[in-house]
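The numbers here are math on the coordinates, done by the rules we state, and not lab data. These numbers were taken from a predicted model, which means no experiment stands behind them. Cβ sites come from the backbone with ideal geometry, for glycine too, and all protein chains shown count toward neighbours.
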Amino acid sequence: MSIRPRSRVAGLTVLAGLVLGGCGGYDDTVVPPPEAVETTPAAPATTPAVCVDDTNPTRSYTPIAVAAPGDFPSISTMAEIYDRGRLIAGVSADTYLLASNNPFTGQIEGFDIDMVEQVAEAIFGDPKAYELRVITAGERLTALQEERVDVVVRNMTINCVRWQSIAFSAEYYRSGQKILVRSDLADGQGPVVDTPAELADLRVCAPTGTSSLDNIKRASPEAEIVTASNHTGCLTLFQQGAVDAITGDDTVLAGLATQDPYAVVPEQEAFSAEPYGIGVNAGNVDLVRFINGVLERMRADGSWKASYEKWLAPTLGGGATQPQPVYGRTP
Amino acid sequence: MSQASASARASQAVATVGTPVPAPQHARRPAATPITEDVPRLLTQWQTIAVTACVLFGILGAMFQLLAWQASGRAADNTEQLVRLQQVQSSLFRADALATNAFLTGGLEQAEQRQEYDAAIDEVLRGIANAAEAQPADRDVLADLNTTVAAYVAGITQARDNNRQGFPIGAQYLRAAGAVLRADAGPMLEALVAANTQRAEDEMDGQNTLPLFLTGLAAVAVLWWVNRQVARRFRRRFNVGIAVAAIAIAVVTLVGLVASVNKSGDNDDLRAGSLRLAIAESSARASANDAKASESGRLIARGSGATTEPLWEAHARDVEDNASRETLPLWQTYAALHDEIVAQDDEGDWNAAVQLATSTDPGSSSEALAAFDQASQAVVTDAATTTTDSLRSGGILAVLLTIVTLLVGLGAAGAATWGVTQRRKEYS
């Protein structure tokens with residue numbers, strides 16, 4: 001059998017290709033798909049349930065007079081803190097004006113931090129005798145229940161559900177939930193979005209584990225709700241065009257708007273009342289009473305007013321006063 | 001041998017094969033055994049078989065040796081790609097460690113630290129481009145990695161810009177960028193490193209020792225069989241030409257096998273030695289920088305060290321498992337300084353902890369990590385160079401063996417042809 005020249009050339013070409021090319025052609029590199037991560041359920045809903053034993057959730061324990069630093073009953077929470085040498089407070093580090101890290105000084109500062117300093121001053125006589133632990137909104141209750149912190153001062157709304165697991169001081173600030181929108185949704189060129197109803201079909205962000213999230217779901221069921229771990233996370237989504245609006249307490253939104261000239265909080269009525277309280281472990285009633293005493297002292301000596309004027313008045317307006325406390329809760 | 005006697009033997013052979021002796025009545029004749037044989041035609045067939053065996057041996061033997069040599073070259077290429085990718089990985093985590101650490105010092109970061117970050121990112125981007133050019137099979141993943149790194153760099157830039165204005169959203173961008181790095185870029189780099197490690201090891205196994213042995217054995221077996229067939233018909237045990245061909249093939253096969261076994265042994269040594277060292281040290285370097293980023297992260301997430309420290313500890317275990325004897329003491333120096341930072345933070349003295357973590361003075365944590373990083377990089381470079389140099393060594397020997405094998409195959413074919421031709425002449 002004769003082999004035709006063309007077939008011979010083809011055969012040699014294949015052989016040469018095999019030899020010269022070797023076996024260097026590899027399968028494409030493939031990135032294995034990420035392992036399915038068991039998603040942790042969202043933080044427990046904070047729906048303000050009907051109060052079982054008291055119709056007013058802001059009712060706290062009757063204050064005790066603030067004595068000299070270190071002058072506490074030997075068996076008391078304040079004495080334990082005094083012996084440790086510092087107050088441990090769970091706070092936010094990214095809620096501008098309330099509690100955020102100042103990159104220039106490296107210190108966390110704001111209205112909430114002033115509250116911490118007042119309590120530290122009352123216990124130690126030193127407003128700086130505290131340790132701050134940055135926690136997320138979803139960690140506020142567990143940090144107290146697990147006694148990782150003595151107090152939580154993190155724009156936390158007092159409500160009956162939370163009273164079931166922790167204790168609160170008297171109300172130290174009355175906030176309200178509002179919405180922040182892109183400037184083009186508030187400039188009057190088109191319909192101004194300044195109520196929850198007008199958020200229909202818009203993407204609105206709220207942090208997980210907050211009462212703000214529950215409130216907006218109820219107030220604007222047709223809005224597309226997007227969640228983030230905190231309000232600053234919402235602002236990054238806002239700046240990336242992933243959401244059109246952010247909802248939260250007016251104090252928080254004021255801080256966000258300060259960081260972005262295209263973020264606007266239109267004139268609007270708050271659609272919820274958010275009374276802030278200082279969270280304490282449910283068993284430390286003596287510390288709650290002590291903190292209420294500190295808040296009373298702040299009212300008397302004008303330090304609450306000074307803090308408000310320093311941090312919140314420039315954006316929320318002056319003239320606010322410290323909320324009137326409601327006492328009489330029994331352990 | 002005189003022509004007369006040869007002629008007489010040839011006549012005898014004709015008598016033997018041409019006029020078969022009647023078989024005994026009781027013997028069963030094999031069904032396949034021909035009653036008469038056409039000896040010239042048989043000689044032509046045997047000659048064709050012998051020549052084909054020799055030529056095939058020459059071609060296949062040469063091809064196996066050439067492929068083995070090429071496999072070594074590809075193993076070196078894959079090793080270089082592996083080291084290139086690990087360099088990308090290490091530089092990326094180094095950049096993140098620097099960016100995160102710089103964040104602790106506020107908006108006015110140190111110029112040297114910023115330059116080091118820029119240099120690390122520059123290395124990452126160049127490394128990705130070079131890696132994409134070097135290995136087409138990695139291109140798709142590298143394209144995705146490039147996109148991810150671009151997103152990371154953009155996130156860090158936004159973080160830095162906001163931080164310089166004193167806005168807390170800067171920290172959020174930093175956290176988000178770090179999360180992208182670990183969730184997206186990390187698995188891509190791990191897949192690339194794993195794929196190229198596998199490719200390098202597979203190519204190191206490509207010395208074709210068994211195929212070469214089987215090819216030589218088959219060629220010798222065929223020649224033995226042809227020799228046997230010829231010997232049966234011509235009453236001589238060996239055909240000189242065929243015997244010479246078989247011996248030449250056996251010798252060149254033996255030499256090829258010795259070279260192949262030696263190379264395989266060298267490759268095994270590389271895998272257990274310098275290649276393993278390069279891979280392990282690269283892993284240690286990436287983990288060490290990730291640990292430093294975790295350390296800064298715990299301080300940024302101020303006071304939450306108890307929840308972030310396990311991450312640092314996991315990286316530390318990886319470093320301790322993989323760092324070489326040269327670099328482990330340097331890591332331990334850094335780890336001891338990290339313990340001091342943790343102690344200060346746990347005591348509630350965050351400012352002191354930050355001071356320790358951000359200082360670049362001699363004896364500081366950052367300086368200790370930089371010392372580890374530089375030493376680790378040097379170890380990786382040395383080990384990788386040793387590996388690739390060794391894989392690429394012996395090229396001249398491999399080419400010579402390839403040529404010799406091909407020539408021996410062709411020469412053996414000639415010898416076999418000559419040997420069978422002699423018998424054909426005798427028969428004539």
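How far, in degrees from 0 to 90, does helix B:395-427 lean away from the longest principal axis of the Cα atoms of chain B, to the nearest 10? Orientation of helix B:395-427: about 10 degrees from the principal axis. Going toward the positive end of the dipole of segment A:176-264, with +1 on Lys and Arg Cβ and -1 on Asp and Glu Cβ, which of A:246, A:256, A:213 do you reach last? Checked the options; the winner is A:213. Summarising the amide proton neighbourhood of residue A:176: residues at separation of 5 or more, or on other chains, whose placed amide H is nearer than 5 Å comprise A:250, A:251, A:274. GNM on chain B, alpha-carbon springs under 10 angstrom: the most fluctuating residue among B:335, B:352, B:62 is B:352. Once backbone amide H atoms are built at 1.01 Å from N, residue A:226 has A:204, A:205, A:206 as its partners under 5 Å, excluding neighbours fewer than 5 places away on the same chain. Lys/Arg Cβ at +1, Asp/Glu Cβ at -1, dipole of chain B taken about the Cα centre: which of B:100, B:286, B:403 is farthest positive-ward? Ranked along the dipole, the leading option is B:403. 3J(HN,Hα) couplings calculated from phi for segment B:189-205 with the Karplus curve 6.51 cos²θ - 1.76 cosθ + 1.60 (θ = phi - 60°) are, in sequence order, 5, 4, 5, 5, 5, 5, 5, 6, 4, 4, 4, 4, 5, 4, 5, 5, 7 Hz; Gly and Pro show x. Taking a Cβ cut-off of under 12 Å around residue A:201, the surrounding Lys, Arg, Asp and Glu residues balance to a net charge of -3, with basic ones at +1 and acidic ones at -1.
Pairs of C-alpha atoms in segment A:176-264 farther apart than 17 Å represent 38 percent of all such pairs. Inter-chain Cβ neighbour count for A:92-101, averaged per residue, equals 4 (cutoff 10 Å, partner chain atoms only).
Across B:314, B:371, B:278, mean-square fluctuation computed from a Gaussian network of chain B (C-alpha pairs under 10 Å connected) peaks at B:314. Look at the dipole of segment B:39-427 built from charges on Cβ: of B:272, B:163, B:91, the Cα furthest out on the positive end belongs to B:272.
Couplings 3J(HN,Hα) of segment A:156-164, computed from phi: 9, 6, 7, 8, 5, 4, 5, 4, 6 Hz, in residue order, whole Hz [Karplus 6.51 cos²θ - 1.76 cosθ + 1.60, θ = phi - 60°; x for Gly and Pro]. With contacts taken as Cα pairs under 8 Å at a separation of at least 6 residues, chain B carries a relative contact order of 28 percent. Mean-square fluctuations from a GNM of chain B, with a 10 angstrom spring cutoff on Cα atoms, peak among B:381, B:209, B:147 at B:147. The helix-only estimate of mean residue ellipticity at 222 nm for chain A, built from DSSP H runs of length n ≥ 4 each weighted as -39500 (n - 2.57), is -9500 deg cm²/dmol after division by the residue total.
Between beta-carbons, use under 14 Å as the cut-off and find the net charge around residue B:157, counting Lys and Arg +1, Asp and Glu -1.
Once all neighbours under 14 Å are counted, the net charge is -1.
Our helix-only sum for chain B, with -39,500 (n - 2.57) per DSSP H run of n ≥ 4 divided by its residues, gives a mean residue ellipticity at 222 nm of -29500 deg cm²/dmol.
For segment B:329-336, putting each phi into the Karplus relation 6.51 cos²θ - 1.76 cosθ + 1.60 with θ = phi - 60° gives couplings of x, 5, 5, 5, 4, 5, 4, 5 Hz, in residue order, rounded to whole numbers and with x for Gly and Pro. Under the convention that each Lys and Arg Cβ holds +1 and each Asp and Glu Cβ holds -1, the size of the dipole of the protein assembly as shown around its Cα centre is about 6620 debye. Amide hydrogen proximity for residue A:130: with H placed 1.01 Å from N in the peptide plane, the residues at 5 or more positions away or on another chain lying under 5 Å are A:87.
Quick one: dipole size for segment B:39-427, taken about the Cα centre, charges +1 on Lys/Arg Cβ and -1 on Asp/Glu Cβ, in debye to the nearest 20.
Numbers: 31 positive and 44 negative charges, 862 e Å.
Roughly 4140 debye, rounded to the nearest 20.
One quarter of the surface of the convex hull around the alpha-carbon atoms of the protein assembly as shown equals 51.7 nm², the direction-averaged projected area.
The charge dipole of chain A, taken about its Cα centre with unit charges on the Cβ of Lys, Arg, Asp and Glu (plus for the first two, minus for the last two), comes to roughly 900 debye.
Membrane-span-like helices of chain A, defined as complete DSSP H segments with a Cα extent of 18 Å or more along the helix axis and a mean Kyte hydropathy of at least -0.5, are identified as A:5-21, A:111-124, A:285-301.
Angle of helix B:240-272 to the longest C-alpha principal axis of chain B, folded into 0 to 90 degrees and rounded to 10: 10°. When a/c reaches 1.5 or more, the comparison of a/b and b/c decides; with that in mind, is chain B rounded, prolate or oblate per its Cα gyration tensor? Note, shape of chain B comes out prolate. Computed over chain A, relative contact order equals 25 percent, with contacts defined as Cα pairs under 8 Å that lie 6+ residues apart.
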